[in-house]
1. Return the pairs, sorted by first residue and then second, in which the second residue is among the polar types (S, T, N, Q), the first residue lies in the range B:103-114 and is within 11 Å of chain A (Cβ to nearest Cβ), the beta carbons are less than 6 Å apart, and the residues are 6+ apart or on different chains.
2. State the number of residues belonging to the range B:235-273 that are closer than 27 Å to residue B:288 by Cβ and either charged (D, E, K, R) or modelled with pLDDT of 85 or more (or both).
3. I'd like to know if the range A:99-108 contains one or more residues that are away from chain B (no Cβ under 14 Å), within 28 Å of residue B:116 (Cα to Cα) and touching a helix residue (DSSP H, G or I) at 6+ places or on another chain (Cβ under 6 Å).
4. Return the pair list, or none, for Cβ contacts closer than 7 Å from residues in the range A:123-142 that are farther than 24 Å from residue B:45 by Cβ to residues that are basic (Lys, Arg), at least 6 apart or on different chains.
5. Testing residue B:244 on (1) crowded, with 17+ Cβ neighbours inside 10 Å; (2) touching a His at 6+ places or on another chain (Cβ under 9 Å), one condition comes back false. Which one is that?
6. Of all residues in the range B:27-44 being part of a loop (DSSP other than H, G, I, E, B) and facing chain A (nearest Cβ under 7 Å), which is nearest to residue B:127 (Cα to Cα)?
7. Out of the range B:99-125, which residues are among the charged types (D, E, K, R) and within 35 Å of the chain's Cα centre (by Cα)?
8. If I ask for residues that are out of contact with any Asp or Glu (no Cβ under 9 Å at 6 or more places or on another chain) and not in a loop (DSSP other than H, G, I, E, B), which ones from the range A:133-164 would you list?
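The values are calculated or read from the model by the stated rules, or taken from the named source; none is laboratory data. Values in this document were obtained by computation on a predicted structure and should not be read as measured data. For neighbour counting, all protein chains shown are included, and Cβ atoms are generated from backbone atoms with ideal geometry for every residue, glycine included.
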Amino acid sequence: MNIDINKLLEELGETSTYSLLNKFLITYKDYKNHLKVDNEDLDKYIHKLKGSSGNLKINSVHELCIDFPKNENKSEVLDNLIKKIEDSFLEIKTILKDEKTNNEKLDPNKIGNALDELIFDLNEFNYIEDSRVKVILNSLDGIISNKIIDNLEKEFANGNYEKSTILCQTIRSLI
Amino acid sequence: MDINFDENYQPTILIVDDEKINIDYIVKSFDSRFKAKITTDSKLVFKILEKNKIDLILLDIQMPGINGFEIAKKLKEDERYSNIPFIFLTSQSETDSLVQGFELGAIDYITKPFNLAELKARINTHVNNFILQQRVKEQQKEILIQSKFAAIGEMTSMLAHQWRQPLNIISLIAQEITFDREMKILSDDEYYRKKELLLNTLSDLSKTIETFVKYYKNNEAPKDVNVLVSLEQVINLFNEIFEENNIKIKVECQDELNEFTFKSLTKDIKQIFINIIQNSIEAIIKEKNNSDNEKEYFINVKLTLIEDFINIEIKDNAGGIDTKIIDTVFEPYVSTKENLNGPGLGLYSVKMMIENHLNGSINAKNTSDGVVFTIKIKAN
C-alpha cells in the first residue's frame, strides 16, 4: 500500500479525505511531463510533491521525494517515482470508488446567483469548499461546453482565483 | 488557552501557499470560528492585506515569484502590517533557513508534512495571543484617551485657579476707577498707576494662557529635553497653589544634570511631573483640612544621574498612600484621591509614558510621614 488511508481518514474524516485525494489526482495529473531530468523546474516540482504527498500520507512517493536531492542517480529515482505515483493514482481511484459521487445539481434558475456569489468570494480571496464548486460544475453540464467546465475545475483545483474568476464571468455571460 | 472571544468576531487567517492542495489540508485543521483568505499567488498578498483585517498569516517559504522571506521582509517594513503575526510553512529540508525566518520576525514555523493536531494547536495559540495583544493595546489606547481628558479637566481647573486672583484685581481696579471718577478724586497720577496695574495684570493673564497653550501643543517631535528646565516650568504652573496653601517646594539637582539633555517629548516629562505633583498637592490639602496642627508641608524633588539613568525622587509629607492600594496604585482606575473622585488614570498614564516612551520605570513607597515616587529614565 502506498497510502496510509486509515491514518488519513482518522485525521481528516471521510469527506475531506476523498476530496483531497481527488484533488491530488487533478493537481498532479501531468506528473509524467514534469518528472523529466531535463525539466529546469524539476527540483521545485518535487519539492511541492513532497509536501502534498506527505500531508496525504502517500508515504512511498513522499520518501522518494525526500531521497531525490541526495541520490545521484536522478533517472533511477525519477523512474521509481513515476512508478509509485502511477500505483498511488490507481490506489486513490480504488479508494474513491467507495465514495458517493456528488451528482447534486442546482435548480437552473439558481445557477446565475450561485455563480455571482462564487465570483464575489473569488474576488474576496475567501476559501471556497470544493463541494460548492462541484455542485455548480454539475449544474453547468450540458449548458456550457465541457472544455470550459474542465478548465474551471482545473484552475479552481490549482487555486488560481484570477483565472477562475474570468472563467466564471465568461460562463455567467453565456447563461 | 481558554479565551472568551466576542461571539461575533471571526478571526481571519491568510494562507499563502502555491500548492492549493496544501491550503485545503491546512483549512481542515481550522476551528469553525476562523475565516480563511487564501492565495496561491504570492504577488497578491498585499492586495489582500489592503482589503482585509488579517489576524494571522501562514506563509510558505518556497514559492515562485516572491518567496516567503521576501514577503516577510516587506511585511515588517510596512507599518500597516508589521504587527500581523506570521508563521512559516516549511519542509524539513528548509529548517536550516529558519534562523533567517525568525530574524525576519516569524513567530513560529510549521514543518511539512503537517501534523493536523499540532497545526491546529499552534494556529489557535497564535491567533488567541494576537487577539489578546490587540485587545490590550486597544484598552491601553482607550485608557490613555480617558486620562488625557482627565488631565485636561485638571489643567482647566488649574487655569481657573490661576485666573481668579488677577480677575479679582481687574474687577477691583475697575470699581475703584469708577468710584474715584464719580467722587471726582481721580488724579492723573492715580489714573496712570491703575492703568499700568491693569495692563500688567492683563499681561499676566495672557502669559498664563500662553503657558497652557504651549503645554497642550500637539504634534511635538522628540527633542533635547532638560529635566530640570521641564520641572521648573511645571512648578511655575503651580506657584499660586503652593503659595496659597503654604506648601514648600524644594528642588535638588546634581550638577551634571544642570545642562544635561536627552531626546524625548517635553510634554511627556511635564505630564509626569504634573500628575505626581498634583497628587501631592491634593493629598496635602486633604491632610491640612483634617488636622489642626500647624505642620509645615513640603514637596521635595531630587534629580540625580546614576549610570545611564536619570533618577527622579518626588517626596511629600502628606501622610502617604493608603496601604490597601499602594501596590496597585499604577493600575488603571485605582484612585488615590479622596472619595475616589479622581478617574484613577493619572498614575497609570504616568507609568505608561515612563515605560513606553522613556524606557524607564517608576515605583511608589510610603515613608514615615508621606510618599516617595522614584522614577528612573534612560538617559540616552
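1. Cβ pairs passing all conditions: B:111/B:90; B:111/B:92; B:112/B:91; B:113/A:55; B:114/A:55.
2. Summing the residues that are closer than 27 Å to residue B:288 by Cβ and either charged (D, E, K, R) or modelled with pLDDT of 85 or more (or both) in the range B:235-273 gives 16.
3. Yes - at least one qualifying residue is present in the range A:99-108.
4. A:135/A:105; A:138/A:105; A:139/A:105
5. Status for residue B:244: all satisfied but (1).
6. The extreme case among them is B:28.
7. Residues satisfying the conditions are B:103, B:108, B:122.
8. A:136, A:140, A:141, A:144, A:146, A:147, A:148, A:150, A:151, A:152, A:153, A:154
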